[in-house]
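Undergrad: One structure follows; several queries about it will come next.
The values are calculated or read from the model by the stated rules, or taken from the named source; none is laboratory data. Please read all numbers here as calculations on a predicted model, not as lab measurements. When we count neighbours, we look across all protein chains shown, and the Cβ atoms used for this are built from the backbone with ideal geometry, even at glycine.
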Amino acid sequence: MAEQQIRFEDGATYERMMGVWSYIAGGVFLDWLAPRPGLRWADIGCGSGAFSELLVERCAPAEVQGVDPSEAQLAFARTRPAARLAQFRQGNAMALPFPADSFEAAVMALVIFFVPEPGKGVAEMVRVVAPGGIIAAYAWDMLGAGYPGEAIRAELRALGLNPPLPPSVSASRIEALRGLWTEAGLEAIETREIKVQRSFADFDEFWAITLSAATIGPMVVAMPTAEVERLKARVRERLPADAAGRVTYTARANAIKGRKPG
């Protein structure tokens, strides 16, 4: 099967799948960061605005600037309640549209493995954050089976297919993140694993929502109907439901934080 590109062109669909997962994991991430209120934040690769929403809800920020390459995602982000404070603009993580020292915190939430050159992305976060500020990120541990759609990806691989991975997927490992932060000259570097769960009303809801993921959906849509049904049956076997029919899935991300010297 031809290689599939990973594209995020539908903000509402993204929100049902990864936006909700981002919100769940992002809450744990912010508890760990424990930022003081009143900071100016840069949300790099803000997507549908799920993490920006958390910042506005929980961190009493003075400012939130979200940047993403997808106008479709940004259009959805601008419909959120967070847009009363947060601003969203198109931009490149490796060439941020901000002057130096513009923020007290910069984050990449589920983004760093999509940045073609992660080191440039981290360097740009460092550039736009003032001395003493926070530079942080978290990313699904896709190489360690932590991705929320891993049950489907694993069965695709078992059927001899190769679902696409983000271009810089190795950057999501704890060791790689620590290396990037160290090379950027950051101080007080800490890492941790984030483990989160999400419950679905039944297997069909899990299947429908998870299949909308850009790293899975296009490949499955292109499969013959009989193969899709075979795949679905195999995934169902992996995910036993509880007495009420609910399916609970556990995902895992790697997180890092550090401070700009100053």
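Undergrad: Which of the residues spanning region 96-112 are outside any loop (DSSP other than H, G, I, E, B) and either surrounded by fewer than 23 Cβ atoms within 10 Å (Cβ to Cβ) or of a type in the set (Asp, Glu) (or both)?
TA: The answer is GLU104, and nothing else.
Undergrad: Consider SER48 carefully, then state whether it is in contact (Cβ under 8 Å) with a residue 24 or more places away in the chain, in a helix (DSSP H, G or I) and buried (at least 18 other Cβ atoms within 10 Å of the Cβ).
TA: Against the criterion (in contact (Cβ under 8 Å) with a residue 24 or more places away in the chain, in a helix (DSSP H, G or I) and buried (at least 18 other Cβ atoms within 10 Å of the Cβ)), SER48 does not qualify.
Undergrad: All but one of (1) surrounded by 15 or more Cβ atoms within 10 Å (Cβ to Cβ); (2) in contact with a strand residue (DSSP E or B) (Cβ under 6 Å, 6 or more places away or on another chain); (3) at pLDDT below 95 hold for ALA253; state the number of the condition that does not hold.
TA: Unmet for ALA253, out of (1) surrounded by 15 or more Cβ atoms within 10 Å (Cβ to Cβ); (2) in contact with a strand residue (DSSP E or B) (Cβ under 6 Å, 6 or more places away or on another chain); (3) at pLDDT below 95: (3).
Undergrad: Restricting attention to region 236-256, report how many residues are of a type outside the set (A, V, I, L, M, F, W, C) and either assigned to a loop (DSSP other than H, G, I, E, B) or in contact with a helix residue (DSSP H, G or I) (Cβ under 6 Å, 6 or more places away or on another chain) (or both).
TA: 7
Undergrad: Considering only region 64-85, state which residues are surrounded by fewer than 16 Cβ atoms within 10 Å (Cβ to Cβ) and either over 24 Å from ALA214 (Cβ atoms) or among the aromatic types (Phe, Trp, Tyr) (or both).
TA: PRO81, ARG84, LEU85
Undergrad: Could you go through region 13-33 and let me know if any residue there is over 15 Å from the mean Cα position of the chain (by Cα) and either in a loop (DSSP other than H, G, I, E, B) or at pLDDT below 90 (or both).
TA: no
Undergrad: Residue by residue through region 199-223, note down the ones that are of a type outside the set (A, V, I, L, M), modelled with pLDDT of 95 or more and either crowded, with 19+ Cβ neighbours inside 10 Å or part of a loop (DSSP other than H, G, I, E, B) (or both).
TA: Matches in region 199-223: PHE200, ASP202, PHE206, TRP207.
Undergrad: Next question. Can you name the residue in region 185-198 that is over 16 Å from the mean Cα position of the chain (by Cα) and surrounded by 13 or more Cβ atoms within 10 Å (Cβ to Cβ) and is also farthest from SER172 (Cα to Cα) among such residues?
TA: LEU186
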